[in-house]
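Trainee: Quick one: the structure is below, and I'll ask about it shortly.
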Amino acid sequence: MRDVRFWSATLLAGALLLGGCTGSPPARPGPMGIEPGLEGDTPAEVDLAGIGDPYFPNYGNGGYDVASYALKVTFDPASGQLDGTTTVKAKATVPLDRFHLDLIGLDVASVVVEGDPAEVRRDRDELVVTPAKHIDSGQAFTAVVKYSGKPGEVRARDAEHNGFYVSKDGAVAIGEPQSAAAWFPVNDHPSDKALYTIDLTVPNKLSGLSNGLLKGKKTDGDWTTWSWNVTSPMASYLATMVVGDYRVTQTEHRGKPVIYAVASAIPAGEADRNLARTTEVADFLEGLFGPYPFDAYGGIVVGDNRVSDELENQTRPIYLPKTWEKGSDTIILAHELAHQWFGDSVSVQNWRDIWLNEGFATYAEWLWDEHQGGRTVQEHYDRRYRDRKDRMWRVPTADPGSDGIFSSSVYERGAMTLHALRKLVGDDRFFTIMRTWTAEQRDGNASTAEFVTLAERIAARPLDAFFQPWLYGKTRPE
């Protein structure tokens, strides 16, 4: 997400939500482990209804790791009806007599686990699935969920909006920190990344856009299925489906497919021209941060005015036409494309560490601006550092609280932390840190502590005296 637009309390599908003070995450209501009245072998210390995020305890689910999702979704904009089948391939991390999936509002027709019908009940935004046979720890299992309904009509209990926008001629699934559960059953937390195949069946005249590689399109009567394949692990909030009338352009760059799409309602012009510079910006960032981490490039400019913020959806960031109302702006490309390294390839372990996404992407904006002949990185830094009264100095960058994950402390102070580190260790070591980070953590999840450890290793010196005031202090570092 781009920084300057994300400091309100209503940020798409997950904005924000629970409220809380820095260092004091809200407690998750309800029992952990064995639910009242149920017997089984699931360890009592495992929270099946939450993955353990200190800021958002209700997000995700415990007890298993997902390897892949196969989504088959049919969507009719005229009625707003979605019919889906999701096949989840996972491995149990503890013995399971039951497990949870996140799903907001949609109706479940059946769940089949390892070929046998399973019992399923709903606990608000959770599906509680009891398979016919016990699942051993370490056992791989497959669950097939058939469901339907009108997404967007029901809000998640922890969100201002559930991340699914329906219009008379299309839909957009977008949101951070939570949106996937609005349109498919999922372990909805970035710490459980997975591979995806996504088949979107939509009326013939419309496009069905998503992440990754477009494997093909197949028409059957009045419907066309767009088949997508995500070949690198993806965090659930980065999965998207965009349906509507779009100008779709397919090209190639360095042997990888490039897919751009602009809503047809947007006059051809700045949006198309700026989007076409995606690979130019990506190549610049690649020179700083290491190889582009995915096998496809692209971007989507949506036309729904209710979508208020851009998002770095993996391989296919979503942009807004208002970005280019006053002319060219490639700064936004630098921000969302930097997220392909920082946030998408290297994802957070917990939402507390989101500065590893947004601070890094904001710094990439400054680097690109300098490269384009705009403000230098130092000028960006100085302009922000001079403001002694800014609230960002009172909110710890690496622990901003659940209501502060999209604050200026995360974006601006996060970027300033990186520049201060660069000045401390020098350009060679700083960019070695950045490239080593993206290489060693590629396709995984990482924490602030791991970044500090890496920086100290490459700097060959302790850095606690530097990082403590910048990341955890509540006053402006001197």
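Trainee: Just the residues that are open to solvent by less than 30 Å² (accessible area, probe 1.4 Å) and either among the hydroxyl-bearing types (Ser, Thr, Tyr) or not in a helix (DSSP H, G or I) (or both), please, taken from the stretch 439-471.
Mentor: Once the filter is applied, which keeps residues that are open to solvent by less than 30 Å² (accessible area, probe 1.4 Å) and either among the hydroxyl-bearing types (Ser, Thr, Tyr) or not in a helix (DSSP H, G or I) (or both), the stretch 439-471 yields GLY444, ALA446, SER447, THR448, LEU463.
Trainee: Sort through ASP102, ASP76, ASP83, ASP53 and tell me the only one that's under 19 Å from MET241 (Cα atoms), of a type outside the set (Lys, Arg) and buried (at least 20 other Cβ atoms within 10 Å of the Cβ).
Mentor: Step by step, each of ASP102, ASP76, ASP83, ASP53 is checked, and only ASP102 is under 19 Å from MET241 (Cα atoms), of a type outside the set (Lys, Arg) and buried (at least 20 other Cβ atoms within 10 Å of the Cβ).
Trainee: Hey, among the residues in the stretch 292-314 that are within 20 Å of GLY359 (Cα to Cα) and in a loop (DSSP other than H, G, I, E, B), which one's modelled with the lowest pLDDT?
Mentor: At the first step, the residues of the stretch 292-314 found to be within 20 Å of GLY359 (Cα to Cα) are 292-293, 309-314.
Add one more test, that the residue is in a loop (DSSP other than H, G, I, E, B), and what stays is 292-293, 309-310, 312-314.
Numbers: TYR292: 98, PRO293: 98, ASP309: 90, GLU310: 95, GLU312: 97, ASN313: 98, GLN314: 98.
Within the stretch 292-314, the match that is modelled with the lowest pLDDT is ASP309.
Trainee: If you don't mind, there's one more thing I want to ask. For the stretch 322-353, name all the residues that are in a helix (DSSP H, G or I) and among the β-branched types (Val, Ile, Thr).
Mentor: THR323, ILE331, ILE332
Trainee: Okay, moving on. Of the residues that make up the stretch 298-309, is at least one crowded, with 18+ Cβ neighbours inside 10 Å, among the small types (Gly, Ala, Ser), closer than 24 Å to HIS189 by Cα and in contact with a Gly (Cβ under 8 Å, 6 or more places away or on another chain)?
Mentor: No.
Trainee: Residues in the stretch 238-245: is at least one open to solvent by 10 Å² or more (accessible area, probe 1.4 Å) and either at pLDDT 95 or above or in a helix (DSSP H, G or I) (or both)?
Mentor: Within the stretch 238-245 (the criterion being open to solvent by 10 Å² or more (accessible area, probe 1.4 Å) and either at pLDDT 95 or above or in a helix (DSSP H, G or I) (or both)), the answer is yes, since at least one residue qualifies.
Trainee: Of the residues that make up the stretch 150-164, is at least one surrounded by fewer than 23 Cβ atoms within 10 Å (Cβ to Cβ) and in a strand (DSSP E or B)?
Mentor: Checked the stretch 150-164: no residue is surrounded by fewer than 23 Cβ atoms within 10 Å (Cβ to Cβ) and in a strand (DSSP E or B).
Trainee: Hey, another quick one. When both residues are 6+ apart or on different chains and their Cβ atoms are under 6 Å apart, which pairs have a first residue that lies in the stretch 67-81 and is at pLDDT below 95, and a second that is open to solvent by 50 Å² or more (accessible area, probe 1.4 Å) and part of a strand (DSSP E or B)?
Mentor: Pairs that qualify, where the first residue is at pLDDT below 95 and the partner is open to solvent by 50 Å² or more (accessible area, probe 1.4 Å) and part of a strand (DSSP E or B): there are none.
Trainee: State which residue is farthest from GLN349 (Cα to Cα) when the search covers only the stretch 393-403 and only residues that are in contact with a helix residue (DSSP H, G or I) (Cβ under 7 Å, 6 or more places away or on another chain) and either open to solvent by less than 10 Å² (accessible area, probe 1.4 Å) or of a type outside the set (D, E, K, R) (or both).
Mentor: VAL395
Trainee: Restricting to the stretch 198-225, name every residue that is outside any strand (DSSP E or B) and surrounded by 12 or more Cβ atoms within 10 Å (Cβ to Cβ).
Mentor: Those that are outside any strand (DSSP E or B) and surrounded by 12 or more Cβ atoms within 10 Å (Cβ to Cβ): LEU206, SER210, ASN211, GLY212.
Trainee: Please go through the stretch 56-73 and pick out each residue that is charged (D, E, K, R) and surrounded by 16 or more Cβ atoms within 10 Å (Cβ to Cβ).
Mentor: At the first step, the residues of the stretch 56-73 found to be charged (D, E, K, R) are 65, 72.
Across the stretch 56-73, the qualifying residue is only LYS72.
Trainee: Still on this model: Of all residues in the stretch 113-139, how many are surrounded by fewer than 14 Cβ atoms within 10 Å (Cβ to Cβ), of a type outside the set (Lys, Arg) and not in a loop (DSSP other than H, G, I, E, B)?
Mentor: Residues in the stretch 113-139 being surrounded by fewer than 14 Cβ atoms within 10 Å (Cβ to Cβ), of a type outside the set (Lys, Arg) and not in a loop (DSSP other than H, G, I, E, B): 4 in total.
Trainee: Of all residues being among the hydroxyl-bearing types (Ser, Thr, Tyr) and not in a strand (DSSP E or B) in the stretch 75-112, which is farthest from ILE198 (Cα to Cα)? Just the residue, please.
Mentor: Per the criteria, the residue is THR93.
Trainee: Hey, another quick one. Could you please tell me which pairs satisfy a Cβ distance under 6 Å, a separation of 6+ or placement on different chains, a first residue in the stretch 229-242 that is farther than 12 Å from ALA194 by Cβ, and a second residue that is of a type in the set (Lys, Arg)?
Mentor: The qualifying pairs are ASN229/LYS215.
Trainee: Here is a further query. For GLU252, which of the numbered conditions (1) closer than 23 Å to PHE184 by Cβ; (2) assigned to a strand (DSSP E or B) fails to hold?
Mentor: Result: GLU252 passes all but (1).
Yes/no matrix, rows are residues, columns are (1) within 17 Å of PRO477 (Cβ to Cβ); (2) surrounded by fewer than 24 Cβ atoms within 10 Å (Cβ to Cβ); (3) under 16 Å from the mean Cα position of the chain (by Cα); (4) in contact (Cβ under 8 Å) with a residue 40 or more places away in the chain:
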residue: ASN350; (1), (2), (3), (4): no, yes, yes, yes
residue: TRP355; (1), (2), (3), (4): yes, no, yes, yes
residue: GLU358; (1), (2), (3), (4): no, no, yes, yes
residue: TYR363; (1), (2), (3), (4): yes, no, no, yes
residue: GLU370; (1), (2), (3), (4): no, yes, no, no
residue: HIS380; (1), (2), (3), (4): yes, yes, no, no
residue: ARG388; (1), (2), (3), (4): yes, yes, no, yes
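The values are calculated or read from the model by the stated rules, or taken from the named source; none is laboratory data. Since the structure is predicted, the reported quantities are computational estimates derived from the model, not experimental observations. We place every Cβ from the backbone using ideal geometry, glycine too, and count neighbours over all the protein chains shown. Quick note on the areas: whole protein, heavy atoms, side chains included, nothing else; ligands and nucleic acids left out. Shrake-Rupley method; radii C 1.70, N 1.55, O 1.52, S 1.80 Å.
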